[in-house]
Amino acid sequence: MIASNFSNVAIVTPINKNPKSKSRMDYNEQLARSIRLEQLMWDDAKGNPTHKVGGAFGFVHNSNRVEIHMILNIHDPTHRLDSWSDNVGQTDRNVLHLSPIITTISWNQWLSLGGARKVQGTTRVVSAHETLASFLRTHIGNIEHVEETDESIVV
């Protein structure tokens, strides 16, 4: 069982609006994997700052919303998908396994929490980490992920 009160490192990554962009294609691939009940995953930020499971991961749709997931597992770069081979410069990044969407934060709420006005590149949430963690604890509660059933439950 994996528990989170969202006090661990939070990671966000921007998803480009352009359907031909690499981030949009990778994101769409993950949506398709989710529909097929396959593991949702993404690269860690530069320097692999995620050392513990249970933190938050956000897909940022700049000026629109942030989709929050929980980090369920961390794997070394040998677990990267073959489709990611074109991501030059990211081959040394760990692979984060993610839960289904836990919540979606509106853009205005994201900004009020101190989130960046424009997220560029996969990165740690630094200045807004405490307010984001507090918001998630208040509005969602603590979450436990049961690996045997692949269910996330609020406790």
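Search region 47-69 for residues that are more than 14 Å from Thr13 (Cβ to Cβ) and pair each with any residue that is of a type in the set (Phe, Trp, Tyr) and in a loop (DSSP other than H, G, I, E, B) when their beta-carbon atoms are under 8 Å apart and the residues are at least 6 apart or on different chains.
Filtered contacts from region 47-69: Gly54/Phe6.
Would you please name the residue that is nearest to the chain's Cα centre (by Cα), looking only at residues in region 114-142 that are of a type in the set (A, V, I, L, M, F, W, C) and closer than 21 Å to Asp44 by Cα?
Just the residues of region 114-142 that are of a type in the set (A, V, I, L, M, F, W, C), to begin with: 116, 119, 125-126, 128, 132-133, 135-136, 140.
Next cut, closer than 21 Å to Asp44 by Cα only: 116, 119, 125-126, 128, 132-133, 136.
Numbers: Ala116: 15, Val119: 13, Val125: 11, Val126: 15, Ala128: 15, Leu132: 13, Ala133: 14, Leu136: 14 Å.
Across region 114-142, the extreme among qualifying residues is Val125.
Exactly one of these conditions fails for Asp92: (1) part of a loop (DSSP other than H, G, I, E, B); (2) in contact with a Ser or Thr (Cβ under 9 Å, 6 or more places away or on another chain); (3) charged (D, E, K, R). Give me its number.
(2)
Kindly indicate which of Leu37, Leu31 is outside any loop (DSSP other than H, G, I, E, B) and within 15 Å of Pro100 (Cα to Cα). So that I can check it myself, show each step before the final result.
Details: Leu37 fails: outside any loop (DSSP other than H, G, I, E, B).
One residue alone meets the criteria, Leu31.
Pull up region 7-28, narrow it to residues that are more than 13 Å from the chain's Cα centre (by Cα) and in a loop (DSSP other than H, G, I, E, B), then point me to the one that is nearest to His97 (Cα to Cα).
It comes out as Ser7.
For Val126, work out the one condition from (1) among the β-branched types (Val, Ile, Thr); (2) more than 25 Å from Ser21 (Cα to Cα); (3) surrounded by 15 or more Cβ atoms within 10 Å (Cβ to Cβ) it doesn't fulfil.
In the conditions (1) among the β-branched types (Val, Ile, Thr); (2) more than 25 Å from Ser21 (Cα to Cα); (3) surrounded by 15 or more Cβ atoms within 10 Å (Cβ to Cβ), Val126 misses (3) alone.
Values quoted throughout were computed directly from the atomic coordinates according to the rules given, and no laboratory measurement underlies them. All values reported here derive from a predicted model rather than from experimental measurement. We place every Cβ from the backbone using ideal geometry, glycine too, and count neighbours over all the protein chains shown.
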